[in-house]
Each structure stands twice: as C-alpha cells, then as structure tokens.
Amino acid sequence: MKVELKKITQENKADFVALCNSVDRKYLSDRLPHPYTEKDADWWIDMLSKNDGKEGVWRAVYADGKLVGQVSVEKDQKYRGDAEIGYFLATDFWSKGIMTQAARLVCGLAFEQLDIIRITGLYCEPNAASGRVMEKAGFKREGKKLNGFVKDGVVYNLCVMGLLKEDFLRYNS
C-alpha cells in the first residue's frame, strides 16, 4: 500500500471531519472533540497554517489515495528539544503497516523542520498495537508512567517510548 502524508487543508476538510468522527476513541486523548464539527476543523486548519514547521508537523495520512488517518509531532513546550508523536487510523486500516510508514515519514519531517533532538511517544498499556507502530518506526521503550492516563473513568499506565534524532538519522539516511 502506498502511504503519503499531506497537509490538512480546506480542500480535504470534509473528509477529515468524517474521519475524526469515525475513529475508535478508546485510547485517544479527549483533545480530539467529539462530535468533530466543521468549526473544529476550521480552527484546526487555521492553527496548522500558523504553526506547521515551527511548533509541530501535522499531516493527514493517505493510503492508496484514500484519507485514512492523521499523524503529528508537536514540540513539547516544557522540555526543550523534545516533541511528542500522536496519531490515529481508521479501524479498517489497522494492522497493514500504514501507520508505521506514516510515523517514519512524519518523524523525518519533524527532525528536518523542528529544532528537536528527540521524539517521545506515549500509549496506554493495553494498546500494544500502538507500541508496535512506534517500535517498528525506530522508537525504544523507556519505561512507564503508572496511572498516567484516565479515559472514560478507566485508569491506564502510559508506556513511554523515545526516538533520538541521531538514531533516526543513522538508520534512515
């Protein structure tokens, strides 16, 4: 499957809104509004146009020309030199290697465009598939934040992964 990353724009807004309303939210942060409206998308697209390449890299994920997910790397405002990866993928496209490819691509863009030396990835402990995505993209396990995330009244441990710029460049140049 051919995986491409594209900027989220007014041209793909309707498809992006539909995607955001259809994704499995079991382990997603509440940062993604639900329901996701056109007003939410307008705010998001405006924020991206002002901050992409400066404070983060945000991309829509396409597989064989179809919008199937979103991936981003955002600079951490508390820890200079660090950024955090985040992503979601339409359920029908899970376990096809799409997000692993997208994660590699967005990490390359982030290391190229942002003043960072590492990317941190966090996932809820039961969501092992997310951990495998990061591991296959080159991230290393660093530990856990016990009781680090609450979603719908359920408390989860957060697994911590890290990708150093020097390691990414060594294996991807």
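Name the pairs: first residue in segment 59-82 and farther than 24 Å from Thr9 by Cα, second residue among the hydroxyl-bearing types (Ser, Thr, Tyr) and surrounded by fewer than 20 Cβ atoms within 10 Å (Cβ to Cβ), Cβ to Cβ under 6 Å, at least 6 apart or on different chains? Hits for this filter: Asp82/Thr120. Here Leu48 passes the criteria (1) exposed (fewer than 13 other Cβ atoms within 10 Å of the Cβ); (2) more than 14 Å from Leu19 (Cα to Cα); (3) without any contact (Cβ under 8 Å) to a residue 60 or more places away in the chain; (4) not β-branched (Val, Ile, Thr) except the one numbered (1). For segment 1-37, residues that are over 25 Å from Gly148 (Cβ atoms), among the hydrophobic types (A, V, I, L, M, F, W, C), open to solvent by less than 60 Å² (accessible area, probe 1.4 Å) and in contact with a helix residue (DSSP H, G or I) (Cβ under 7 Å, 6 or more places away or on another chain) total 5. Is it the case, given these coordinates, that Asp40 is modelled with pLDDT of 95 or more, surrounded by fewer than 14 Cβ atoms within 10 Å (Cβ to Cβ), of a type outside the set (Val, Ile, Thr) and not in a strand (DSSP E or B)? Considered against the rule, which asks whether it is modelled with pLDDT of 95 or more, surrounded by fewer than 14 Cβ atoms within 10 Å (Cβ to Cβ), of a type outside the set (Val, Ile, Thr) and not in a strand (DSSP E or B), Asp40 comes out as no.
Filtering segment 119-130 for residues that are assigned to a helix (DSSP H, G or I), among the small types (Gly, Ala, Ser) and open to solvent by 20 Å² or more (accessible area, probe 1.4 Å) leaves a non-empty set.
The values are calculated or read from the model by the stated rules, or taken from the named source; none is laboratory data. All of these numbers come straight from a predicted model, not from anything done at the bench. Using ideal geometry, Cβ is built from the backbone for each residue, glycine included, and neighbour counts are taken over all protein chains shown. When the accessible area is computed, the model is the full protein with side chains, heavy atoms only, and any ligands, DNA or RNA have been set aside. Shrake-Rupley method; radii C 1.70, N 1.55, O 1.52, S 1.80 Å.
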